[in-house]
Amino acid sequence: MDMSLYPHAVAMSADEFMSWSSAMINEMLSAGTKRTVDKLTGPVWAWAMRNSMHPLHFGLACCAIEMAAASDTRYDAERVGMIYRSSPRQTDILLINGWISKKLRPDIRRLYEQIPAPKWVVAMGECAISGGPWYDSYNIVQGLDQIVPVDVYIPGCPIKPDAMIDGFMLLQKKIDAYFRRGVFMTD
Amino acid sequence: MSEDANIIEKPSRDDIVSLVKAEFGGKVEFIESTKKNIKAINEGRRLFMKADREVLHDLAKYLHDKLNFEQASSVAGVDWVDHMQVVYHLTNYCTSMVVEITVDIPNDDLHIASVSDIWEGANWHERETYELFGIVFDGHPKLERLLTPKSYEFFPFRKSYKLRGQE
């Protein structure tokens, strides 16, 4: 690529960057460079991302106790790479474990949108899957998938820590497949 | 509270009955419980009374100021279809005595005096009773819905409220 055509490439406006970068990506796509780089780096991204799952530390109800139990020395969820972060900006998985009252509904949506992409959503326990014991309630949302798209459902009431780890190992496969598909220089 | 000379720190069951009768006369009625198998009732730590709506605030203030009932354990509502009821549980820490006051209010005038100026802890109990039954507590500092969204225009614990599955 001839950088002399872009003399101010270090500091450019957003519009200039978009045209500059899409020209570069198109050039790499047509030359087959992107496919090569994807093939080379995809497994690296997948390995890194699937082994550093950072769910949002957002305990809602009794399943949050099981979430805590999964982190203790007996189950040790950190060995599959789960580290809870308290800010949605630092996470890539929205883990909802418990009933979602209708007053909480906009806040769940906001938390989901604050997580940087790519992001995954896990519905943990019957309440988050379908409302569970609060079927037809006046105040409980009948399932997390009415608000945000859900990737993995982990059933149980409450779920056991080993079931939760099993669900996250399923999610690892999903993360793995996503990054192996090739994500180099895609937004 | 003990620096107040008028306060009776550990009023007995008989003290409460005689003092409240002397103060409020026929406006407060003591009722016998039908649940005789409960241990606390047999030991005399439960007292049931039915008060008129007009004297409820004075009665609550009297129980708090004179008879040392320092805590409002719960304020709840009951929908009896033909009328509504507000139930107060007041606790004396020194004797573990719990007084239950039931107040009947008519369906067409769901107003009652707030006791959150006497016990701050009654504040959220009254808000919850308001959001579930629609009973308005006059004099409450912030009578808004507590756990349900503000957009709700119904009161879900009323018998007239039907869920979709009950249709």
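If I stretch the segment between A:ASP76 and A:ILE25 completely, what's the gain in nm (0.36 nm per residue apart, minus their alpha carbon distance), one decimal? Each step should come with its number before you reach the end.
Working: separation 51, 0.36 × 51 = 18.36 nm, distance 4.20 nm.
That works out to 14.2 nm of additional length.
At most 13 other C-beta atoms within 10 Å and a DSSP loop state: those are the exposed trypsin sites (Lys or Arg not before Pro) I care about. Give me the longest piece of chain A that has none. It works out to A:75-180. Entry note, chain B: relative contact order of 18 percent, from Cα contacts under 8 Å with a spacing of 6+ residues.
Applying 1/(1 + (r/R0)^6) with R0 = 25 Å to the Cβ-Cβ distance of A:GLN142 and B:ASP109 gives a FRET efficiency near 0.10. Within the protein assembly as shown, the percentage of alpha carbon pairs spaced more than 29 angstrom apart rounds to 62%. The P(r) of segment B:13-160 has a tail past 22 Å containing 40 percent of all C-alpha pairs.
An oblate overall shape is assigned to segment A:63-180, the ratio a/c of its alpha-carbon gyration tensor axes (a ≥ b ≥ c) being 1.5 or greater and a/b not exceeding b/c. The calculated 222 nm mean residue ellipticity attributable to helices in the protein assembly as shown amounts to -10000 deg cm²/dmol, summing -39500 (n - 2.57) over DSSP H runs of n ≥ 4 and dividing by all residues. On full extension, the segment bounded by B:GLU144 and B:SER12 gains 43.7 nm, given 0.36 nm per residue less the C-alpha separation. Distance between the 7 Å Cα→Cβ label points at B:GLU54 and A:ALA14: 6.8 nm.
Taking 0.36 nm per residue of sequence separation and removing the Cα-Cα distance, the B:SER151/B:LYS21 pair yields an extension gain of 42.4 nm.
Rule-based calculations on the coordinates, nothing more; no lab input. Remember, it's a predicted structure, so these values are computed and weren't measured experimentally. Cβ sites come from the backbone with ideal geometry, for glycine too, and all protein chains shown count toward neighbours.
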